[in-house]
Structures are given as structure tokens and as C-alpha cells.
Amino acid sequence: MEITFSIDQKSGIPIYIQIMDRIKHLIATGTLEPGQQLPTIRELAVDLTINLHTVAHAYAELETQGFLKIQRGRGTFITNGHAEQALDALRTEKLQAIVESLFAEVLSLGYEPGEVERAIGSQLDQWRSTAQQPAHEEP
């Protein structure tokens with residue numbers, strides 16, 4: 001099983017956390033499913049050109065959090081039960097980042113709270129009316 005993702009060596013985020021975040025994302029999106037085997041520590045370290053201990057640390061943390069089960073001599077497997085929670089957490093995190101970005105932008109442009117509130121309210125009303133329209137049937 002090959003996990004395709006990259007590590008940003010220049011990021012301020014520790015590499016083991018980048019690995020953990022990526023694996024959680026893959027679980028949350030269903031790319032990695034319960035029971036699925038992950039690459040060995042050595043395989044992933046070689047693929048990412050990083051230290052074995054870094055991968056071992058990430059796997060151990062994910063096991064502690066309940067995302068993985070490490071079975072000596074058999075491998076490392078995705079556990080049951082965390083995909084839904086991981087997806088919920090990921091969705092919440094992404095939404096929060098979008099909202100924070102929006103507010104950083106409107107603050108930098110000098111908008112007043114009332115202007116932002118009206119614009120967001122208008123967009124929400126439009127979104128709700130679109131979502132409530134019945135689907136069109138083909139003749």
C-alpha cells in the first residue's frame with residue numbers, strides 16, 4: 001500500500017505531525033479504510049526520505065489516539081470507528097480556516113461589521129433558496 005503525500009521539510013510543523021495529519025485526512029476522506037494495512041515504518045521512511053524514528057513516532061501517536069493498530073510481525077492497520085470523527089473534525093477545521101481567512105480579508109479591507117453581516121446574510125439566503133428548489137426532471 002503506497003501512501004502518496006509529501007512532507008514539507010521547511011515547514012515549521014514537525015514531520016511526524018505532518019505524517020499524522022495526512023493519515024488522519026486519508027482516513028477521514030475514506031481513502032484509507034478500516035482494516036487496511038499501512039506501509040511498514042521502513043517503507044514509508046524510505047519513500048519520504050526521512051528518519052525511521054520519525055515514522056515510528058507518528059505511527060505510535062496514531063495508535064495511542066486509536067487510529068492505528070500496530071501488530072508486531074504483521075504490520076500496521078487502520079482501526080474501526082475513527083473515520084466519522086476524523087471527517088467531522090476535518091470539516092470543522094476547514095470551515096474554521098475559511099471563516100478566519102474571510103474575516104482577515106474583510107478586516108484588512110476596512111469593512112464594517114454591519115456590511116459583512118448583510119453580505120453574509122444575503123449569501124446565506126441565496127444558498128438556502130437554491131438548496132430548497134426541487135431537482136429538475138428530464139422530460
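The values are calculated or read from the model by the stated rules, or taken from the named source; none is laboratory data. Keep in mind it's a predicted model, so treat the numbers as computed, not measured. So basically every Cβ, Gly included, is an ideal-geometry build from the backbone, and we count neighbours across all protein chains shown.
Considering region 3-20 alone, what residues qualify as being surrounded by 15 or more Cβ atoms within 10 Å (Cβ to Cβ) and assigned to a helix (DSSP H, G or I)?
Matches in region 3-20: ILE15, TYR16, GLN18, ILE19, MET20.
Taking the residues in region 78-97 that are at pLDDT 85 or above and surrounded by fewer than 16 Cβ atoms within 10 Å (Cβ to Cβ) as candidates, determine which candidate is nearest to GLY30 (Cα to Cα).
The qualifying residue nearest to GLY30 (Cα to Cα) is THR92.
So PRO39 clears everything in (1) out of contact with any Leu (no Cβ under 9 Å at 6 or more places or on another chain); (2) touching a residue at least 40 places away in the same chain (Cβ under 8 Å) except one condition, right? Which one?
(2)
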